[in-house]
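None of the figures in this text is laboratory data; all of them are computed from the coordinates on show. Not measured: the values here are computed from a predicted model. Here the Cβ positions follow ideal geometry from the backbone for every residue, glycine too, while neighbour counts run over all protein chains shown.
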Amino acid sequence: MYTVSVTAKKILQRFPRIKRRAAQLLSLMPLSARLGRNFWTWYAFYEESECWSQEQMAAYQISTLQHLLTELKGSSPYYRDLLLGVDPASIDSVQRFQQFVPTQTQTDFSSQFERIVAQNLDRRVEHSSTSGTTGKAMQFYHPYRDGEREWASVCHQWKRVGYIPGQSRRVEFRGLLSKGSLVEEFPHRNMIRCSILHLGHEHIRVYAEVIRRNKINFIHGYPSAVALLADGIKTSGINFPQPEAILLASEMVLDWQQQRIRAAFPEARIFAHYGCAQRTVIAGWCEYRQEYHVLPLYGLTEVDPETGELIATNLHNTVNGFVRFRMGDAALEWSAEPCPDCGRPYLLRIKELAGRLEDYLYAPERGWIPSAIMTFPLKSLRAVGEIQFVQKEQDEIVIRYILKSQSQEAEAAAELQIAVEKFQEMFGREMNLSLQRVDSFERGATGKWKWIVSELDRWNYLRERRE
């Protein structure tokens, strides 16, 4: 059994070949110093371990899990009580793990956070949060410099379509820019970012020129944003630079989005990866087939056999443990057998993935629309305090809103009109959108409100798809 720690130093001590491989990679990368030693250690570790056997990978997971639970039991009041009378060393299989440790929901984590967080909390931690698309962001911590492990995990997967950290150059169509900016350049990251809120023909011409000037060879973005970019390229006839690959993230990839992206970028390879702010699970498409391969060194991933919901454990966070955390995302189809094409010991294989079940709206022309894209038309709202989408019929959505101040009614009306126009483009012309001003939303015991209220049975839809 392996004795594994989350630190780069201990990985190098335990796996000396990783140190040699990291040094080789370091010598090839002129910008490597900017990525950090921890990054290159993990990157080399991933490259080495993808050739392991299934038995080696399973042994690593269990050994790391035992170490994690031992650390949590010693530092967290919550896990001390949860594991009372349980020796972490006796948890020598996933089945025993499931027997002794119950699943954890986001509500469980948030309500018990003060008891979950380590009593000996290091001041040098990474503050993080979810996107807040469920009404209120979830706040938590990661170990110091854990972001380098995260970035190494992403780059390890992007390697399947030719991305080389420290050399490859990418443009991002994701996230927000400084107010009034169309493009922001990050030379220390070999990256530029273009505004996903400005994808008109005149903006796309600007992006094309900036991408040429910066010699960009990869496009990285939300599937929804890249699909809109592709639409603009096709309708305008702009000679847009062709990348080596399109790197999709942060949303589910829909078939119609892929079709539009391929129409504008016929020679580019398309690659998608799935991750989360809690860093419990990360998975990327195989280079030979469009299915997600879960990275076992990153976390331990289970699937609820009844619902398909992902249940995942961050194997490296001893600051505030995410243990058997219910992701709210579902696998429509999955396999516990290794991929016959790439041969990596990466399990699970998720053949089709659905996003958070409660965070989708349905459009007759588009199908299920994820919440991540719906937040962007709302970013510019200033006079609107809170907003809620209510869907009871497949072709009708009511947008309910609360004013920040009664004196801002005219300003809010103008802002909402622009937002509704953007939503109409997003949902298609068959969708009927209406506005409803209210004084308050119904809130739960924690003070939260659901910003998406759908009476459509998506759980049943997913079950039907799986059957």
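What 222 nm value per residue comes from the helices of the chain, counting each DSSP H run with n ≥ 4 as -39,500 (n - 2.57) and dividing by all residues, nearest 500 deg cm²/dmol?
-10500 deg cm²/dmol
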Legend entry - Whole-Å semi-axes of the ellipsoid equivalent to the stretch 142-226 (Cα gyration tensor, √5λ, descending): 24, 15, 12
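May I ask you to derive the FRET efficiency for GLU333 and ALA277 from their Cβ-Cβ distance with R0 = 35 Å, giving the value to the nearest 0.05?
The pair GLU333/ALA277 has a calculated efficiency of 0.90.
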Inset, instruction - Order by neighbour count: CYS342, CYS194, CYS286, fewest other Cβ atoms within 10 Å first, most last. - result: CYS342, CYS286, CYS194
Inset, instruction - Sticking with the crude label model, points 7 Å out along Cα→Cβ, report the distance from LYS215 to TRP256 in nm, one decimal please. - result: 4.0
Inset, instruction - Quantify how much of the Cα-Cα distance distribution of the stretch 70-110 extends past 12 Å, in percent. - result: 63
Inset, instruction - Can you tell me the relative contact order of the stretch 269-404? Whole percent, Cα pairs under 8 Å, sequence separation 6 or more. - result: 15
Inset, instruction - Between beta-carbons, use under 15 Å as the cut-off and find the net charge around ARG213, counting Lys and Arg +1, Asp and Glu -1. - result: +3
Legend entry - Between helix 255-264 and the chain: long-axis angle, C-alpha atoms, 0 to 90°, nearest 10: 80
Inset, instruction - May I have the convex hull volume per residue, in Å³, for the Cα set of the chain? - result: 158
Inset, instruction - Assuming R0 = 51 Å, can you tell me the calculated FRET efficiency for the pair ILE402 and GLU48, based on Cβ-Cβ distance, to the nearest 0.05? - result: 0.40
Legend entry - Nonlocal amide H pairs with GLU309, under 5 Å, H built at 1.01 Å: ASP304, ALA331
Legend entry - Cβ-based exposure ranking for PHE140, PHE100, in which fewest neighbours within 10 Å come first: PHE100, PHE140
Inset, instruction - Working from Cα positions, state the angle (0 to 90°, nearest 10) between the long axis of helix 37-49 and the longest principal axis of the chain. - result: 70
Legend entry - Rg to Rh, two decimals, where the stretch 148-354 supplies the alpha carbon set and Rh follows Kirkwood: 0.99
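Give me the percent of DSSP beta bridges within the chain that run antiparallel, rounded to the nearest 5.
Of the beta bridges lying entirely in the chain, close to 65 percent run antiparallel.
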Legend entry - Residue pairs, from the table LYS422/LYS450; LYS351/LYS422; LYS159/LYS179; LYS234/LYS450; LYS159/LYS234; LYS159/LYS422, whose Cα atoms sit over 27 Å apart: LYS351/LYS422; LYS159/LYS179; LYS234/LYS450; LYS159/LYS234; LYS159/LYS422
Inset, instruction - Calculate, in nm to one decimal, what CYS342 and GLU421 gain on full extension: separation in residues at 0.36 nm each, minus their alpha carbon distance. - result: 24.0 nm
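Using Cβ contacts closer than 10 Å as the measure, can you line up SER168, SER407, SER93 from fewest to most?
Ascending number of Cβ neighbours within 10 Å: SER407, SER93, SER168.
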Legend entry - 3J(HN,Hα) from dihedral phi, the stretch 328-342, Karplus parametrisation 6.51/-1.76/1.60, rounded to Hz, x for glycine, proline: x, 9, 10, 8, 6, 8, 8, 9, 9, 9, x, 5, x, 8, 8
Legend entry - Additional length obtainable on full extension of the chain from ASP81 to GLU430, 0.36 nm per residue less Cα span: 120.3 nm
Legend entry - Between helix 16-28 and the chain: long-axis angle, C-alpha atoms, 0 to 90°, nearest 10: 40
Legend entry - Cut-off 17 Å (backbone N to label point 7 Å along Cα→Cβ of ARG205), residues of the stretch 215-245: 232-241
Inset, instruction - State the percent of C-alpha pairs, over all pairs in the stretch 277-323, separated by a distance greater than 18 angstrom. - result: 36
Inset, instruction - Net charge near ALA264: determine it from the other residues with C-beta under 11 Å of the C-beta of ALA264, scoring Lys and Arg +1 and Asp and Glu -1. - result: +1
